[in-house]
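Read the structure below first, then the notes.
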Amino acid sequence: MSESSIAAGYRPGGTTAGPIEGAALIAACPPTRAEKGCINYDLYVSADDPELLVFHENWESKADLDAHLTSALIEAFRAVAPDLLAESPDISGPK
């Protein structure tokens, strides 16, 4: 089994700008940490840019990461993301 890591940067500030964006991202942490294969799912504020929120995730396998990326939680976030974010997330990790 090979571990998969991903980093995703989010810049709040869409049409519903305000503290709700950060709250929505923070709220995703506990249920995601309970998902099968989640090693860690941590949200940070960038030291270089305090308006940039960054998730760092490690998963036991790419299959576990793929399951997370198609989960109901992530699909629900994708549905509201255009209203919450100033720009599309910058995601790096396995393709």
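Just so you know, all these numbers are worked out from the coordinates, no wet-lab data involved. Bear in mind the structure is a predicted one, so any value in this text is a computation, not a measurement. A quick note on method: Cβ atoms are made from the backbone with ideal geometry, for glycine too, and the neighbour counts reach across all protein chains shown.
Across the chain, C-alpha contacts under 8 Å between residues 6 or more apart give a mean separation that, scaled by the residue count, equals a relative contact order of 47 percent. With N counted as the residues of segment 4-92, its alpha-carbon radius of gyration over 2.2 N^0.38 Å works out to 1.04.
Quick check on the chain: helices-only [θ] at 222 nm, where DSSP H runs of length 4 and up contribute -39,500 (n - 2.57) each and the sum goes over total residues. Nearest 500, please.
It comes out at -10000 deg cm²/dmol, rounded to the nearest 500.
Label 7 Å along Cα→Cβ of Ala27; segment 54-74 residues with amide nitrogen under 15 Å? It comes to 72-74, nothing else.
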